[in-house]
Amino acid sequence: MSQTQQAMAQLIAVFHKFSGKEGDKFTLSKGELKDLLTAELGDIFGKTQDKTALDKIFKDLDANADGVVDFQEYVTLIACITMLCNEFFTKGK
């Protein structure tokens, strides 16, 4: 597999590692999202102990307001973070 294909497979695997622990296996609950952010993006988000911040992240991600984060909403988060990281590392070049 190419590096891009490996990255795609990793995104899918991480989502499904955390989804379904609390209900629907194709979505992330707020608790599952917190666990994912802490485990996988802790260096960026910190340990997400701030309930207000977590509520805001969840609400902003839950584009269709159905109370869960689906795969498309999760990928949107990852894409936005990736763009911000790219901007940070390419600034000044």
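What residue, among those in region 1-49 that are among the basic types (Lys, Arg) and not in a helix (DSSP H, G or I), is modelled with the lowest pLDDT? Only one residue tops the list, namely LYS47.
Being at pLDDT 95 or above, out of contact with any helix residue (DSSP H, G or I) (no Cβ under 6 Å at 6 or more places or on another chain), part of a helix (DSSP H, G or I) and surrounded by fewer than 15 Cβ atoms within 10 Å (Cβ to Cβ): is that true of LYS59 here? Considered against the rule, which asks whether it is at pLDDT 95 or above, out of contact with any helix residue (DSSP H, G or I) (no Cβ under 6 Å at 6 or more places or on another chain), part of a helix (DSSP H, G or I) and surrounded by fewer than 15 Cβ atoms within 10 Å (Cβ to Cβ), LYS59 comes out as no.
The residues in region 69-93 that are of a type in the set (D, E, K, R), open to solvent by 40 Å² or more (accessible area, probe 1.4 Å) and assigned to a helix (DSSP H, G or I) can be counted, and the count is 1.
Suppose the filter is modelled with pLDDT of 85 or more and surrounded by 12 or more Cβ atoms within 10 Å (Cβ to Cβ); does ASP66 pass it? Judged against the criteria, ASP66 is not a match. Kindly indicate whether any position in region 34-52 is polar (S, T, N, Q) and open to solvent by 70 Å² or more (accessible area, probe 1.4 Å). Looking for residues that are polar (S, T, N, Q) and open to solvent by 70 Å² or more (accessible area, probe 1.4 Å), one finds at least one in region 34-52, hence yes.
Sort through GLY31, GLY23 and tell me the only one that's surrounded by fewer than 15 Cβ atoms within 10 Å (Cβ to Cβ) and under 20 Å from ASP60 (Cα atoms). Explain how you work it out, then say what you get.
Numbers: GLY23 fails: under 20 Å from ASP60 (Cα atoms).
Of the residues listed, the single one that is surrounded by fewer than 15 Cβ atoms within 10 Å (Cβ to Cβ) and under 20 Å from ASP60 (Cα atoms) is GLY31.
Can you find a residue that is among the basic types (Lys, Arg) and touching a residue at least 24 places away in the same chain (Cβ under 8 Å) anywhere in region 24-41? Scanning region 24-41 turns up at least one residue that is among the basic types (Lys, Arg) and touching a residue at least 24 places away in the same chain (Cβ under 8 Å).
The values are calculated or read from the model by the stated rules, or taken from the named source; none is laboratory data. Every value quoted in this text rests on a predicted model; they were computed, and no experiment measured them. Virtual Cβ from ideal backbone geometry, glycine too; neighbours counted across all protein chains shown. Areas reflect the complete protein model, heavy atoms only, side chains present, ligands, DNA and RNA absent. Shrake-Rupley method; radii C 1.70, N 1.55, O 1.52, S 1.80 Å.
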